[in-house]
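Read through the structure below, which is laid out as structure tokens, and then see the notes.
The values are calculated or read from the model by the stated rules, or taken from the named source; none is laboratory data. A quick note: this is a predicted structure, and the numbers were derived from the prediction, not measured. We place every Cβ from the backbone using ideal geometry, glycine too, and count neighbours over all the protein chains shown. When the accessible area is computed, the model is the full protein with side chains, heavy atoms only, and any ligands, DNA or RNA have been set aside. Shrake-Rupley method; radii C 1.70, N 1.55, O 1.52, S 1.80 Å.
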Amino acid sequence: MMLGRHPLHQAADRLKRAFRQLDFELIDNGEGLEIESFDLTYATWAEPGELFDWQSSPLKLRHGYSVLRTRILPVRLKSVASLAQATGSRFLAFGRVYKDDEQQPMHFQIEGLVLNESQTLEEFQALWQKLACQLFGADADAQVVPLNEQSHHISIIDKQENKTYSLGYAGPASAQALKACGAEDGYGWVFVINVDQYALQYFSLEEISQFYANDLALLSQFTNEEASDGDSPAHKAIDALRAMGYQETCGAVLYEDEAYRKMNMIQEAWDRNNQGYPLVKPLGALTAPRTVLTPALEETLGFNYKQGATDVKVFEVGHIYLPQDTEILPKEHFAVSMGAYGPDMTIESFKKEVEAFLGAMGIGRLKYIPTGMATAYKWNECLIVMSAGQYLHCNFGRIHELAAENYGIGCPAYMANFELTALANARTNK
């Protein structure tokens, strides 16, 4: 049995599955680079300024030469020219985007492109009517209402629940977007869906911040036994941990300056990776994208301990951003973190949890080496993991007492951190 899928990802999976039933090709399933060169983004359609001005003011890093992305499609359109010939003319991209908003600097977004079809508004509306039926049954209705001459608002009415969903916005593809995908003489529509807003309506919550608080009392209400929508190593890791009884979380991507000190990873005594690529202009207390997942994990453990949860298992699979000395872009890839506490959890039982996860990822021949070098862990309860003589870029152990105190975790708690690329390579080399 697999539960534990985060509601934001449940909502995204539901939308992606419905679009694929309409022959959309998924060209980014949340794995594309989230930090890009400042000159790579542009408007792919006539975005209404009152709704999308934030996309033209990205959060800057590396002296302004790189930015946290505000759009997903632009860097993907170059791949569409060859795909359009082989797989059709409907494309979909999913992932996080970022805005200059201290309270909610990120959200999940779906962007789509329909090429050389549905040239009239009536034809385009027919496409959305099919999507409405995929999502909410044959009685559902889609409405595509003009905002101005070049942009439209898309909503879906679920008649069974008597509920209206404000799904997103759309308009004709820009000349620059058509040129990027080799369709200068063609025609296209671009659409944008804010997945967070859709999930807020779908799960009948009041505030988007509830999704990111990672309150297990709330998240556990939204059970879902479907496998995650994807076949990458990241999705394999997600479903492996869900099958082990771990709840998926969505931690902060931007950290405060003191995040690493709080978890006892003192920068001067640790590794320059912690310094990352700072924002040119801090976003309130937020200063840089994360270089490791574990501070957000400890925040989640501490929050739920203070809420009275006595037995907790949580995980996150997400991007981290490691610095490269001479590069304007970081080394960006997926990491996995898992954490737990409870009356029966010890270093030995957590070691078995780590071993079970690695086994589910197809990795065996494990060897554990104690280390006192990882200062985020209790010095005599920390191990690194080897497989067939190779370091897996994995460490785990009991959270350091100082970090536990800083995060408000009032009992022994354990965490593990993995780099997904190393796990995938270990499986390949097995």
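Annotations for the structure displayed:
- Using a probe radius of 1.4 angstrom, the carbon and sulfur fraction of the accessible surface of the chain is 48%.
- Fraction of the pair-distance distribution of the stretch 291-350 above 17 Å, Cα-Cα pairs, percent: 51
- The shape of the stretch 99-213 comes out oblate: with a ≥ b ≥ c from the C-alpha gyration tensor, a/c is at least 1.5 while a/b does not beat b/c.
- Calculated FRET value between A227 and Q160, using beta carbons and R₀ = 41 Å, to 0.05: 0.95
- Using a cut-off of 29 Å between Cα atoms, the listed pairs K16/K352; K60/K262; K99/K351; K236/K281 include K16/K352; K99/K351; K236/K281 as exceeding that distance.
- Debye log10 I(q)/I(0) for the stretch 1-115, one point scatterer per Cα, at q = 0.17, 0.21, 0.22, 0.23 Å⁻¹: -0.92, -1.25, -1.31, -1.37
- Fluctuation leader among L40, L358, L131 - the chain, Gaussian network, Cα springs under 10 angstrom: L40
- Once the chain from T421 to R365 is taken as fully extended at 0.36 nm per residue, the excess over their C-alpha distance is 18.4 nm.
- Looking at the chain, the accessible area is 43 square angstrom per residue; that uses a 1.4 Å probe and ignores ligands, DNA and RNA.
- Just checking the listed ones, W189, W45, W54: in the Gaussian network model of the chain with Cα springs under 10 Å, the one fluctuating most is W54.
- GluC sites (Glu not before Pro) restricted to the stretch 160-250 and DSSP loop, no more than 13 other C-beta within 10 Å: E161, E184, E206, E207, E225, E226
- Calculated FRET value between N380 and A356, using beta carbons and R₀ = 25 Å, to 0.05: 0.60
- Two-site label geometry, D53 and Q390: point separation in nm, points 7 Å out along Cα→Cβ: 5.1
- Under a Gaussian network description of the chain, with springs only between Cα atoms under 10 Å, the residue in L147, L59, L254 that fluctuates furthest is L147.
- D_trans [Stokes-Einstein, Kirkwood Rh over alpha-carbon pairs] for the stretch 42-107, 10 °C, 1.306 mPa s, µm² s⁻¹: 116
- Whole-number percent relative contact order across the chain, with pairs defined as alpha carbons under 8 Å at least 6 apart: 15
- C-alpha center-to-center spacing [the stretch 1-31, the stretch 140-188] in angstrom: 19
- For the chain, a Kirkwood hydrodynamic radius built from all Cα pairs, placed in the Stokes-Einstein relation at 37 °C and 0.692 mPa s, yields a translational diffusion coefficient of 144 µm²/s.
- Rounded, prolate or oblate (a/c below 1.5 giving rounded, otherwise prolate when a/b exceeds b/c) for the stretch 225-328 by Cα gyration tensor: oblate
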